1. Is there a pair in Lys206/Lys426; Lys206/Lys436; Lys103/Lys170; Lys121/Lys206; Lys384/Lys436 whose C-alpha atoms are over 20 Å apart, and which pairs would that be?
2. Near the amide H of Asp439, under 5 Å away, which other amide H atoms are found, from residues 5 or more places off or on another chain, if H is placed in the peptide plane?
3. Taking the mean number of other Cβ atoms within 10 Å as a proxy for protection, how do you rank 134-142, 158-166, 12-20, 427-435 from highest to lowest?
4. Of the accessible area of region 1-158, with the probe set at 1.4 angstrom, what percent is carbon plus sulfur?
5. How long is the gain from Thr303 to Ala393 if the chain were fully straight, where each residue apart is worth 0.36 nm and the alpha carbon distance is subtracted?
6. Add +1 for every Lys or Arg and -1 for every Asp or Glu among the other residues with Cβ under 11 Å from the Cβ of Gln218, and state the total.
7. Tabulate in residue order the Karplus-calculated ³J(HN,Hα) for region 140-147, using 6.51 cos²θ - 1.76 cosθ + 1.60 with θ = phi - 60°, rounded to whole Hz; enter x for Gly and Pro.
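The values are calculated or read from the model by the stated rules, or taken from the named source; none is laboratory data. Since the structure is predicted, the reported quantities are computational estimates derived from the model, not experimental observations. We place every Cβ from the backbone using ideal geometry, glycine too, and count neighbours over all the protein chains shown. Note: areas computed on protein heavy atoms with side chains; ligands, DNA, RNA excluded. Shrake-Rupley method; radii C 1.70, N 1.55, O 1.52, S 1.80 Å.
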Amino acid sequence: MDNIGNRYTLDQPLKRMRNGLLLRGMDLTFNRDVLLYTFQETDDLAHQEALRWLRKASQMSDEHFMHILDAGSEGGTLFAVLQAVMGRPLSDRLKELEITGHKALTYVYELAKGIRETRSKRLLECSVDAENLWIEDNGRLRIMNFWTEGNNGRRGVPGLALLLYQLGAKTDIPTSSISAYSFELNRLFADLSDVTRERAIALACKAYEGICTLADFQQELEGLLGIGGERKEPLLTSALPANEMMATSGQERKAALREQHVAEPKTGEPQARISAAWDRRMAELRELFRESFQLRKWYLFATAGFGVLVLLLWLTLLPHPDHVKSSKSQTIPTPDPTAVSVNRPETSKPSGSASPMPSRTAAPTAKPLDAEVQPADDGALQAKAGVVPDLVAHTREDAEKMAIASGLRYQFFMESNAAVKGAVFKQDLTPGTSVKNGDRITFWVSKGK
């Protein structure tokens, strides 16, 4: 389809989205450039439902969203004509963007206001990750598709937390490891003070795990960005009547204003007393978030330790090889060296455990086996099936062997880093934790500075 009706011509595809295609086009009626978001629904009922949400979304005008100029359906294809603004999809610019922690928090704070707007208009909750955002040349973010419901983990507060990870890690691939998430957020918030950085990481982790409401998330962001502090000074320094003081928001601000209203006739230093009370309250909040973060870390350590204990208990309860009939003949069913090489990680597993079982003696064969004479410090022999190996500081080749020996699938990325070239400097799964056979581990290999 080269055009839509007699009004819009399609010029250049920009990006393939999750459920459609984004293109540049021309509005022949007004002779202006536009962006066209096209998608299809094969089922007739789904087609009509999508068209209804699209037309409802086109009635909303907000600075956090791309402005819809026209919407409709033609030849089974649904389309939304968006106002053309200078910029590109955010997912195409992740690797080249240099974003500070303060700027990243400002981004998610503005998008949180956009989410609140869609809820007030009773629209579907759209995706707010890098895939569905447009970044203008002036740095402003806008949501492109706000008529389709986003996937779990990519909408609402978890979607905003994912966006923080994408801005820090420079990738749109989410991580399942909270430790890897915290590591990237710690690098992203390097420009913040230590106390503010701890609060920001704790808040982002709660949001990423889905245990934070939008109201709490937005309120805490205001404290981190100092937005509440900008309104605090004029309110606290003016002598307001009692009825106006009760109209201000926040329990702490109400208490401080009431204190000022009572103390001002008696003393000339009400502002100093209010500032001291406010500082004490902020210190209490910082201590509360610090304790919450420490509890979360201890919970992760306890979970990892429990998994290791379960694995050791399982290895201890394995049947002794000398008590199983024909165990030696079943250890190596054929002299095929390929089969021996594949089964090598399983035969080395009992020897690496803490159980008192004697090491298994392979049956003599007509041909020597290379798998039995490899050095004991090989990374693959140190790995255990069902346990996440520690790949950091190993070479990429050793890391691949260790991942395979642990029963894991793997993927890796090459990035510039201060670590030795070719060495692994980060992984997403925590070493020592239990995993299932076939789970995926992601690690990053240094390309040098």
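1. Details: Lys206/Lys426 22 Å; Lys206/Lys436 25 Å; Lys103/Lys170 15 Å; Lys121/Lys206 27 Å; Lys384/Lys436 12 Å.
Long pairs (Cα-Cα over 20 Å): Lys206/Lys426; Lys206/Lys436; Lys121/Lys206.
2. Residues meeting the criterion, in which the H sits 1.01 Å from N, are Arg409.
3. Values: 134-142: 15.8, 158-166: 24.6, 12-20: 13.9, 427-435: 19.4.
Top to bottom by mean Cβ count within 10 Å: 158-166, 427-435, 134-142, 12-20.
4. Carbon and sulfur: 43 percent of the exposed surface of region 1-158.
5. Net length gain for the segment: 29.9 nm.
6. Taking every Cβ under 11 Å from that of Gln218, the sum is -2.
7. 6, 9, 9, 7, 7, 9, 10, 10
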